[in-house]
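Visitor: Once you've had a glance at the structure underneath, I'll fire off some questions.
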Amino acid sequence: MDSITSLKSLVILSCYISFSLTLILNPAFASHNCDFPAIFNLGDSNSDTGGFSAAFSPRTSPYGETFFHMPAGRFSDGRLTIDFMAESLGLPYLSAYLDSVGSNFSHGANFATAASTIRLPENIIPGGGFSPFYLEVQYWHFMQFKSRSQMIKKQGGIFTDLLPKEEHFSRALYTFDIGQNDLGAGFFGNMTVEEVRASVPDIVSRFSMDVKSIYNLGGRSFWIHNTGPIGCLPYILANFPITSAQMDGVGCATPYNEVAQHFNQKLKEAIVQLRKDLPLAAITYVDVYSAKYSLISQPNMYGLEYPLIACCGYGGKYNYSGSVGPVSCGGTTSVNGSQVFVGSCERPSVRVNWDGIHYTEAANKLVFNQIVDGALSDPPVSLKMACHRQAH
């Protein structure tokens, strides 16, 4: 009887070991959350949590009014998609790397700045409209942050609690949301739609180089957003001559959206190649274009209204004046010889567009809801599972 019992135990143990090895060796069976201890974000105003405001001119009211009840360095009335991502992972909101006052980097850092591009822009602030902190510079900032934070952390004192642990860098989630301004720089630089389209392969190639650089510094989990429907933004619709034949059924400019879709296709192809070149990386491509376009094309389904009209702005069909620009939100403009404050609409909670370029907190939350579970991702993994490499 003892020998039979022992044999059964041996068989059960053998099956358990076999099943466990299957889970370990085959990522498709991986089911545990990644428990990311930190997020390191690179990008533009879609994910900037204070970098631009720290380096240049800070946002003024009514920016930040919905959630923070004060300007909080974000180009929105409240939280961004990156904020909701941090919340869902149980992490604090990211401090901007460029913000030297009151920042806590123990669970990551944000290297994004508004107006940032992937490529070196021709017209840089203050002489032009684009940030000097383009993607490669953001990588340089990350490289310095990684090395210097560990040297300073060893000094002890208050730095121990304000900087990430060394092991966080290899276990962190690296997020990217950038590329929209490269297209915008072309459009506003008097390039034709065809010329901007032709520039896309070089833009994407430079993006790939920066991802590889972060991989070489130990990054392993990458969550990469594609670019949104730029042809649905008031700053495009109000500034360029668009015929009715060039508009789609919801009023977006088809030629400009097609360039964004071309960028996204080339980005997706580049990520396929990156997975081959970086065998230890888990790289998730996230289709925020579809998430954002769904809010604009089906606003009623989400309880939204006036998706093509800026909530905070002034002038024209789209409540956006190209002559005043996005700074009109929170600023003043001259109306019949009088200075008028440009404030928020009555209900930002039911609006899609905030200031002509950026989205409201309500829209950012709805975008997050669509991408968090992996429904719009390739491979289709949720945010919490984005450390798991898929079989190629």
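The values are calculated or read from the model by the stated rules, or taken from the named source; none is laboratory data. Bear in mind that the values here come from a model prediction, so they are computed numbers and not experimental data. Here Cβ is always computed from backbone atoms with ideal geometry, including for glycine, and neighbour counts include all displayed protein chains. With ligands, DNA and RNA removed, areas are computed over all heavy atoms of the protein, side chains included. Shrake-Rupley method; radii C 1.70, N 1.55, O 1.52, S 1.80 Å.
Visitor: Which ones in the range 150-185 are polar (S, T, N, Q), within 18 Å of LEU91 (Cβ to Cβ) and touching a Lys or Arg at 6+ places or on another chain (Cβ under 7 Å)?
Guide: The answer is SER170, and nothing else.
Visitor: Quick one: in the range 200-251, which of the residues that are of a type in the set (A, V, I, L, M) and part of a loop (DSSP other than H, G, I, E, B) is farthest from the chain's Cα centre (by Cα)?
Guide: Top of the filtered list is ILE242.
Visitor: Moving on. Mind listing just one residue for me: the one in the range 243-257 that is closer than 20 Å to ASN46 by Cα and not hydrophobic (A, V, I, L, M, F, W, C) and, of those, least open to solvent (accessible area, probe 1.4 Å)?
Guide: By that ranking, first place goes to ASN257.
Visitor: Only residues that are touching a residue at least 12 places away in the same chain (Cβ under 8 Å) and out of contact with any helix residue (DSSP H, G or I) (no Cβ under 7 Å at 6 or more places or on another chain): list them for the range 145-166, please.
Guide: Passing the criteria: PHE145, SER149, GLN150, ASP161, LEU162, LYS165.
Visitor: Ok, one more. Any idea which residue in the range 226-242 is surrounded by the most Cβ atoms within 10 Å (Cβ to Cβ), counting only those that are in contact (Cβ under 8 Å) with a residue 60 or more places away in the chain and of a type outside the set (A, V, I, L, M)?
Guide: Restricting to residues being in contact (Cβ under 8 Å) with a residue 60 or more places away in the chain and of a type outside the set (A, V, I, L, M), the top hit is ASN226.
Visitor: Quick one: which of GLY343, GLY330, GLY316 is buried (at least 18 other Cβ atoms within 10 Å of the Cβ) and either part of a loop (DSSP other than H, G, I, E, B) or modelled with pLDDT of 95 or more (or both)?
Guide: From the options GLY343, GLY330, GLY316, the qualifying one is GLY330.
Visitor: Restricting to the range 164-212, name every residue that is touching a His at 6+ places or on another chain (Cβ under 8 Å) and of a type in the set (Asp, Glu).
Guide: ASP177
Visitor: Let me ask you something else. Residues that are among the acidic types (Asp, Glu) and touching a strand residue (DSSP E or B) at 6+ places or on another chain (Cβ under 7 Å): does the range 372-379 have at least one?
Guide: yes
Visitor: Among SER321, SER294, SER290, which is the only one that is closer than 23 Å to LEU183 by Cα, outside any strand (DSSP E or B) and open to solvent by less than 20 Å² (accessible area, probe 1.4 Å)?
Guide: Result: SER294 is the single residue among SER321, SER294, SER290 that is closer than 23 Å to LEU183 by Cα, outside any strand (DSSP E or B) and open to solvent by less than 20 Å² (accessible area, probe 1.4 Å).
Visitor: So, one more: I'd like to verify a number: residues in the range 365-392 that are under 17 Å from TYR174 (Cα atoms), open to solvent by 70 Å² or more (accessible area, probe 1.4 Å) and either modelled with pLDDT of 95 or more or in a helix (DSSP H, G or I) (or both), how many?
Guide: 1
Visitor: From the residues in the range 267-287 that are in a helix (DSSP H, G or I) and among the β-branched types (Val, Ile, Thr), which one is least open to solvent (accessible area, probe 1.4 Å)?
Guide: ILE271
Visitor: Any chance the range 147-164 includes a residue that's modelled with pLDDT of 95 or more, open to solvent by less than 10 Å² (accessible area, probe 1.4 Å), within 23 Å of VAL259 (Cα to Cα) and touching a strand residue (DSSP E or B) at 6+ places or on another chain (Cβ under 8 Å)?
Guide: No - not one qualifying residue is present in the range 147-164.
Visitor: Give me the pairs, please: first residue somewhere in the range 201-225 and open to solvent by 60 Å² or more (accessible area, probe 1.4 Å), second residue anywhere and among the small types (Gly, Ala, Ser) and assigned to a strand (DSSP E or B), beta-carbon distance under 9 Å, and either six or more positions apart or on two chains.
Guide: What qualifies is ARG220/ALA282.
Visitor: Follow-up question, since we're still on this one. Determine, yes or no, whether ARG197 is basic (Lys, Arg), open to solvent by 60 Å² or more (accessible area, probe 1.4 Å), farther than 27 Å from LEU383 by Cα and out of contact with any strand residue (DSSP E or B) (no Cβ under 6 Å at 6 or more places or on another chain).
Guide: In short, yes.
Visitor: Return yes when GLN298 is without any contact (Cβ under 8 Å) to a residue 12 or more places away in the chain and either under 22 Å from ALA115 (Cα atoms) or not hydroxyl-bearing (Ser, Thr, Tyr) (or both) and no when it is not.
Guide: For GLN298, the condition - without any contact (Cβ under 8 Å) to a residue 12 or more places away in the chain and either under 22 Å from ALA115 (Cα atoms) or not hydroxyl-bearing (Ser, Thr, Tyr) (or both) - is met.
Visitor: Tell me, yes or no, whether the range 174-191 has at least one residue that is touching a helix residue (DSSP H, G or I) at 6+ places or on another chain (Cβ under 9 Å), without any contact (Cβ under 8 Å) to a residue 60 or more places away in the chain and not in a helix (DSSP H, G or I).
Guide: Yes, the conditions are met somewhere in the range 174-191.
Visitor: Considering each of GLY315, GLY303 in turn, give the residue that is of a type outside the set (Asp, Glu) and over 21 Å from PHE84 (Cβ atoms).
Guide: GLY315
Visitor: Evaluate the following for SER76: is it surrounded by 22 or more Cβ atoms within 10 Å (Cβ to Cβ) and within 21 Å of VAL286 (Cα to Cα)?
Guide: The answer is no for SER76.
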